[in-house]
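Coordinate-derived values only; no laboratory data. Because the structure is a prediction, the values reported are computed rather than measured. Here the Cβ is made from the backbone with ideal geometry for all residues, glycine too, and neighbour counts use every protein chain on show.
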Amino acid sequence: MTGSIAKNTDQEIPLPYRIIALLQERNRLFAYPLERLAIEIRATGFRCNCCGACCTRAVNGHIFLLDHDVAEIKYIDPKAYEPAPDPEFCDQNGMLYVSGYALRMKNDARGSCWFFENSRCRVYDRRFSGCRIYPHMLRRSSEATGMVMWQRFARRNEHGRYDPALSLEECRTIAQEIKEYENAFLTQQISFLETIHEYFTVHNLRHDPNMYHERMLRFQQGRPFDIKVFHAGELEECRMAKPVMPDDR
């Protein structure tokens with residue numbers, strides 16, 4: 001659903017330019033009118049029908065956690081989170097780097113969220129930021145034609161139900177939560193890139209594409225590897241081994 005903006009194909013772009021691009025993106029987010037977003041949410045009319053599709057890999061590859069989500073999840077269940085997939089960097093020594101944590105997904109047929117049981121979320125009242133705003137979003141992306149457009153809805157007509165009775169006040173509340181989430185997400189990505197830029201400079205490191213592909217192959221094969229996860233302004237080192245099975249909870 002939500003995840004890192006930086007992709008391995010962006011590695012040829014110097015980090016300072018990527019940081020500037022994200023700062024500009026955040027400024028555009030601030031400038032997007034809240035009232036317009038609320039009206040568009042109301043026109044979409046999405047209402048959750050508890051189908052559970054968004055709690056599985058059928059809809060979301062992973063659910064990115066903001067820093068305050070990680071602090072909350074540590075109290076709920078320390079096994080319920082892991083480094084987000086698709087690490088952005090790998091240094092010449094084979095250490096991977098990723099911009100945050102994600103909810104752990106089970107290895108069942110649907111790839112269900114760790115907290116998804118009997119077609120319901122076990123922690124619905126305490127669900128995390130990305131879950132609360134889903135399926136709404138407010139991000140700019142390039143279409144196949146190359147035109148950059150705002151994306152406001154993650155998965156149209158694939159789940160949920162249409163509710164024409166959504167009030168404008170309710171939609172304003174959703175719109176505010178969306179802008180707050182997207183701002184926090186972009187801020188975390190900016191801080192991550194700034195930290196990587198400083199860390200690599202101080203320790204004489206560089207991104208190594210060949211080592212990156214070797215480590216990603218190791219990841220896909222389920223073999224152990226080391227990764228540093230950006231959290232609360234720091235890089236936390238983790239040792240990743242085989243995926244945790246649902247029965248290991």
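Below are the figures for this structure:
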quantity	calculated
Förster radius 25 Å - calculated FRET efficiency between I20 and R126, Cβ distance, rounded to 0.05	0.10
By average C-beta atoms within 10 angstrom, highest first, the peptides 67-80, 21-34	67-80, 21-34
Length released on extending from A71 to F153, taking residue separation times 0.36 nm less the Cα-Cα span	26.8 nm
Total formal charge among the other residues, if their Cβ is under 9 angstrom from that of V98, Lys/Arg +1 and Asp/Glu -1	-1
Cut-off 9 Å between beta-carbons: net charge of the residues surrounding L37, Lys and Arg +1, Asp and Glu -1	+2
Dipole moment magnitude, nearest 20 debye, the range 12-248 about Cα centre, only Lys, Arg, Asp, Glu C-beta charged	700 debye
Pairwise label distance in nanometres, Q176 with R223, each label 7 Å out on the Cα-Cβ vector	5.2 nm
On Cα atoms only, tilt of 209-220 relative to the major axis of the chain in degrees	60 degrees
5 angstrom amide H check on A102, placed H, neighbours 5+ away	L65, E82, A84
The chain - share of DSSP beta bridges that are antiparallel (%, nearest 5)	85 percent
Calculated P(r) tail over 16 Å for the range 21-128, as whole % of Cα pairs	70 percent
10 Å binning of all Cα-Cα separations within the range 37-79, expressed as whole percents from 0 upward	22, 27, 41, 10
Three semi-axes of the equivalent ellipsoid, the chain, Cα gyration tensor, whole Å, largest first	31, 24, 15
Relative contact order %, the range 12-248, counting alpha carbon pairs below 8 Å whose residues are six or more apart	29 percent
Summed residue charge, Cβ within 11 Å of P164's Cβ, Lys/Arg positive, Asp/Glu negative	+2
